[in-house]
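Heads up, the thing below is written out as structure tokens.
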Amino acid sequence: MNRRNRYGWRIGLLAMALIIGVTGYRLLQPSPQPTGGITVGSALGGGDNVGYQRAYQPRPLQFPTDHGPHPEFRNEWWYATGNLSDAAGRQFGYQLTLFRIALSPTPPVADSAWRTHQIYMGHFALTDVAGNRHYGFERFSRGAVGLAGAQATPFRVWLEDWALTGSESAIFPLRLHAQEGEITLDLTLNVAKPMVLQGDRGLSQKTAEPGNASYYYSYTRLPTQGLVRVGDHSFAVSGASWLDREWSTSALGPDQRGWDWFALQLDDGRDFMFYRLRRNDGSMDPFSRGVLVEAGGQARSLRWDEVELQPLGEWASPNSGDRYPAGWRLRVSAEKLDLTITPKVADQEMRLTVRYWEGAVAVTGHAGDQPMNGQGYLEMTRYEPSTVIR
């Protein structure tokens, strides 16, 4: 299955569904009678939303409950990224994302503790800027017998020993832990700004079709400290992280090809998020949206036509041949922002079940007549060798 079969919002969720389809969907569902073959297409859902809840309108989010899982929706993720450095200035970027996807809207017949309709997938990545290296890893497991799961109180989301764990009574301080081979991440995240409700009071509409939306909130600046290990070397690090939460049932529209997602933390204390939905012809979809968060936490939504994005050059993956923008120029005229976004390491392609580019970026430019710097994370999906960068 190649990337042409992705129809969901966040790439890992549908990558997870793909894995389920090819590695064991039938093992996870009760099968007292023969049911015929399960195709990858059917595992991906085939666009069938029957039985699942959908996001039709804003609703009051309830916490701590909404930090936890929403099994009545098909897709969900807990997504953390950040930029870190040690006392000597050695820089790292990281991603730890845990995804949940439902195979069916109702639980299976409980004839075995191993039966489940919930699957979890994890993506873990570390960028070592000084070493010019990017490490990416993937896991998946069933949400049964303690292998993977999520709970609101006390907050915890886990996939084996990859985990996001809160305190007994709150999500923060939040501990992130992941280890794979010679790479270890062990961090504590605290909160510096209020939660941001994306879109319309937390409802993020993706197309004109009612219900083609998600519930989406973010913590855009999380002071972070902890430990990074690369091989035999350990680094005490500090920096800033970003946490996204989103759940939905519906997919992108058939005329939406992919997206470019920017999460930037500027040195003047402001934070910026924008997702650029790309249409099949490469143009920006009018349902692209963003937010600008002031240093004090006040947030202003950004429409698609308030943000100008210009790709700067291109980078071709030596592994896949996929061609991605090598950088971006981003302008928000109303805020007098003119920024250049440059990957800290060119090759931060996630070569997992489905390929995409996600990595740490540096920000330079100006706000009015004042110089402006910062850092952040960038995700780019559905780029191929034949893609025309525009």
Name the pairs: first residue in region 359-376 and without any contact (Cβ under 8 Å) to a residue 60 or more places away in the chain, second residue surrounded by fewer than 17 Cβ atoms within 10 Å (Cβ to Cβ) and assigned to a loop (DSSP other than H, G, I, E, B), Cβ to Cβ under 7 Å, at least 6 apart or on different chains?
364/373; 368/336
Run residue 95 past the list (1) buried (at least 22 other Cβ atoms within 10 Å of the Cβ); (2) more than 14 Å from the chain's Cα centre (by Cα); (3) at pLDDT 95 or above and report the number of the one that doesn't hold.
(2)
Might you check whether a residue that is assigned to a strand (DSSP E or B) and at pLDDT below 95 occurs anywhere in region 336-353?
yes
Mind listing whichever residues of region 211-231 are part of a loop (DSSP other than H, G, I, E, B) and either modelled with pLDDT under 95 or touching a Ser or Thr at 6+ places or on another chain (Cβ under 7 Å) (or both)?
211, 212
In region 178-203, what residues are farther than 26 Å from residue 62 by Cα and either of a type in the set (Lys, Arg) or assigned to a strand (DSSP E or B) (or both)?
178, 179, 180, 183, 184, 185, 186, 187
Could you figure out which of (1) touching a helix residue (DSSP H, G or I) at 6+ places or on another chain (Cβ under 9 Å); (2) modelled with pLDDT of 95 or more; (3) buried (at least 22 other Cβ atoms within 10 Å of the Cβ); (4) not aromatic (Phe, Trp, Tyr) isn't true of residue 153?
(3)
Using the structure shown, decide if residue 236 is over 19 Å from residue 342 (Cα atoms) and of a type in the set (A, V, I, L, M, F, W, C).
yes
Restricting attention to region 40-55, does a residue exist that is at pLDDT below 95, of a type in the set (Ser, Thr, Tyr), outside any loop (DSSP other than H, G, I, E, B) and more than 16 Å from residue 214 (Cβ to Cβ)?
yes
From the set of residues in region 133-154 that are in contact with a strand residue (DSSP E or B) (Cβ under 7 Å, 6 or more places away or on another chain) and in a loop (DSSP other than H, G, I, E, B), which is farthest from residue 231 (Cα to Cα)?
143
Determine whether region 267-283 contains at least one residue that is free of Cβ contacts under 8 Å to residues at least 12 places away in the same chain and either in a strand (DSSP E or B) or more than 23 Å from residue 364 (Cα to Cα) (or both).
yes
Among the numbered criteria (1) outside any loop (DSSP other than H, G, I, E, B); (2) more than 18 Å from residue 265 (Cβ to Cβ); (3) of a type in the set (A, V, I, L, M), which one does residue 208 miss?
(1)
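The values are calculated or read from the model by the stated rules, or taken from the named source; none is laboratory data. Remember, it's a predicted structure, so these values are computed and weren't measured experimentally. Glycine also receives a Cβ, built like all others from the backbone with ideal geometry; neighbour counts cover every protein chain displayed.
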